[in-house]
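One structure is given here, and the rest of the page talks about it.
Derivation of every value follows stated rules applied to the coordinates shown; laboratory data play no part. Just so it is clear, the structure is predicted and the values come from calculations on it, not from any experiment. Every residue, glycine as well, gets a Cβ built from its backbone with ideal geometry; the counts of neighbours run over all protein chains shown.
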Amino acid sequence: MAESKLDVLQGTLDLMVLQTLAVLGPQHGYGIARRIEQASGDSVLLNQGTIYAALVRLRQRGWIAANWGISENNRRARFYALTTRGRKQLASDASYWQRLTAAVGRVLALEPEREGQ
């Protein structure tokens, strides 16, 4: 049976977008979405509405900035880049996410109680 695609938990898409921009530098929305999909081994698939809603939200929070440029297909596109505030937010969110996933991992590693003990 093939594994289904993963639903993105609230807040994790913002973290993935910030990390992608931190690693790759300025990117257009389509490029950000494709890179997240590629990095996830295609376990996370993003439609345009999802990625662009996240980009609008991140711009409103001041975590990314946008400028017009020319894409690799020679088309006009908006390129997004991490701001100083975005770098600080990424560090904070990444630290939180690592602590949370470690805690969940510890809980999932618990052995079931055996009857009679």
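Tabulated results
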{"quantity": "Helix 84-108 vs. the chain, principal-axis angle (Cα, 0 to 90°, nearest 10)", "calculated": "20 degrees"}
{"quantity": "FRET efficiency, 1/(1 + (r/R0)^6) with R0 22 Å, evaluated for L45 and R78 via beta carbons", "calculated": "0.50"}
{"quantity": "The chain: relative contact order as a whole-number percent, Cα under 8 Å and 6+ apart", "calculated": "26 percent"}
{"quantity": "The chain: most fluctuating residue of Q98, Q38, Q27 per GNM, C-alpha cutoff 10 Å", "calculated": "Q98"}
{"quantity": "Net charge dipole size for the chain [Lys, Arg +1 and Asp, Glu -1 on Cβ; Debye, nearest 20]", "calculated": "840 debye"}
{"quantity": "Of D14, D42, D93, the one that fluctuates the most in a GNM where the chain has Cα springs shorter than 10 Å", "calculated": "D42"}
{"quantity": "Which labelled figure in [x] 114; [y] 134; [z] 94 is volume of the Cα convex hull per residue in Å³, once derived from the coordinates", "calculated": "[y]"}
{"quantity": "Simple label model, 7 Å out from Cα along Cβ direction - S95 to Y30, nm", "calculated": "3.8 nm"}
{"quantity": "Between helix 12-24 and the chain: long-axis angle, C-alpha atoms, 0 to 90°, nearest 10", "calculated": "60 degrees"}
{"quantity": "Virtual paramagnetic centre 7 Å along Cα→Cβ of S71, amide N under 11 Å, in region 11-45", "calculated": "28-34"}
